[in-house]
Amino acid sequence: MAGFLDRAKEQAQRGLTQGKQKLDEVQAQRAGADLLKKLGAAYYAERRGSGSPAATQQALQALESHIAANGDAFLHS
């Protein structure tokens, strides 16, 4: 009986770990999509004359930092 409980506990732990990894991936993808959206908005505002190149550059740098830390998978989904 103890062996069964040990296996069940191990499977549950693996499931929790996999769930946490998937949650982290989804959160990183959402954050990347939000940063990409902000970059688009900053660029659009700049082109319309109501934004600044500095705001666009700041949004671009934030996006590049996110990509460096989390990859660019959100760009391909």
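So is Ala45 at pLDDT 95 or above, open to solvent by 60 Å² or more (accessible area, probe 1.4 Å) and among the hydrophobic types (A, V, I, L, M, F, W, C) or not?
no
Can you confirm whether Glu10 is under 26 Å from His76 (Cβ atoms) and modelled with pLDDT under 95?
So Glu10 fails the test.
With respect to Phe74, is the statement that it is under 15 Å from the mean Cα position of the chain (by Cα), in a helix (DSSP H, G or I) and at pLDDT below 95 true?
Yes; evaluated as a whole, the condition is true for this residue.
Only one residue in Ala68, Ala55 is aliphatic (A, V, I, L, M) and open to solvent by less than 60 Å² (accessible area, probe 1.4 Å), so which one is that?
On inspection, the qualifying residue turns out to be Ala55.
The values are calculated or read from the model by the stated rules, or taken from the named source; none is laboratory data. Just so it is clear, the model here is predicted, and its values are computed rather than measured. No Cβ is skipped: glycine too gets one built from the backbone with ideal geometry, and neighbour counts run over all protein chains shown. Accessible surface areas use protein heavy atoms only, side chains included; no ligands, DNA or RNA. Shrake-Rupley method; radii C 1.70, N 1.55, O 1.52, S 1.80 Å.
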